[in-house]
């Protein structure tokens, strides 16, 4: 029987044991499309960035301007028809994410709102990661948005791109994630977002498509391991690696241009029931500073 690390919070231990029991043991070398950095036991949040840089001999470059989650929209390998249809403003956002501000609202399904509160209190506030707000939908929040690059000290090339988003009024981190692309076993190129957790991570793989109104549609849904969707990864007490795929949990993000501004709508579902909907207003920053 395999077990998680014993010297950690009880709730973390139980969730990790759940991954071991219901997940599958994997070899990192055989699943490079899925692999990414793990968090440590002594804190996630911004501590993870420093820990990762020290562990892999990287230089941290913060407050980057005119850089994006993607170096180029070409990395998504969209068809020529899709690339020609996609809004120029949407492309600019993904290639120059650091130059944009975000305001968002959240609307919870009442069935799941209590679950969101419990997760925040047991996990999110403690590790300062995934602090999903549970306020009413008519209360908007301003997010601080920062792109951080981790540079390999030998090659001088960017190894990781981190998108750090905080609630401006509280300083709590909603997302501290590593963003890039991956090639699934099927050959499909997707966006991959890695959110570090204690001794593991939550990885979301999103399949890109271009809609009829020139919007970018990112969907994390599939039927089996190797498809787009939600994955939990874990390193246990014997240094074995595990992954659990959740086909019941899906995410759809639509980024579109409306009346010369950008809007995004994100809907999370569990068993095809809406859990929470986020609506974003995305605007160019009035002034970018180094």
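See the values below:
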{"item": "Hits in the stretch 37-62 (condition: modelled with pLDDT under 95, assigned to a loop (DSSP other than H, G, I, E, B) and at positive phi)", "result": "45"}
{"item": "Residue satisfying condition, being buried (at least 19 other Cβ atoms within 10 Å of the Cβ), free of Cβ contacts under 8 Å to residues at least 24 places away in the same chain and out of contact with any helix residue (DSSP H, G or I) (no Cβ under 8 Å at 6 or more places or on another chain), within set 224, 192, 207", "result": "207"}
{"item": "Looking only at the stretch 117-148, and only at residues there that are farther than 28 Å from residue 283 by Cα and at pLDDT 75 or above, the one that is surrounded by the fewest Cβ atoms within 10 Å (Cβ to Cβ)", "result": "118"}
{"item": "Tabulated pairs, the stretch 63-86, first in a helix (DSSP H, G or I), second modelled with pLDDT of 95 or more and exposed (fewer than 12 other Cβ atoms within 10 Å of the Cβ), C-beta under 8 angstrom, 6+ apart or interchain", "result": "83/74"}
{"item": "Matching residues in the stretch 248-267 - criterion: being in contact with a strand residue (DSSP E or B) (Cβ under 8 Å, 6 or more places away or on another chain), farther than 20 Å from residue 111 by Cα and exposed (fewer than 14 other Cβ atoms within 10 Å of the Cβ)", "result": "261"}
{"item": "Qualifying residue in the stretch 73-91 (condition: more than 19 Å from the chain's Cα centre (by Cα) and at pLDDT below 90)", "result": "no"}
{"item": "Boolean, residue 255 is touching a helix residue (DSSP H, G or I) at 6+ places or on another chain (Cβ under 9 Å) and part of a strand (DSSP E or B)", "result": "yes"}
{"item": "Test set (1) on the phi < 0 side of the Ramachandran plot; (2) touching a residue at least 24 places away in the same chain (Cβ under 8 Å); (3) crowded, with 20+ Cβ neighbours inside 10 Å - residue 270 fails condition number", "result": "(3)"}
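The values are calculated or read from the model by the stated rules, or taken from the named source; none is laboratory data. Please read all numbers here as calculations on a predicted model, not as lab measurements. Reconstructed Cβ throughout: ideal geometry from the backbone, glycine too, with neighbour counts over all protein chains shown.
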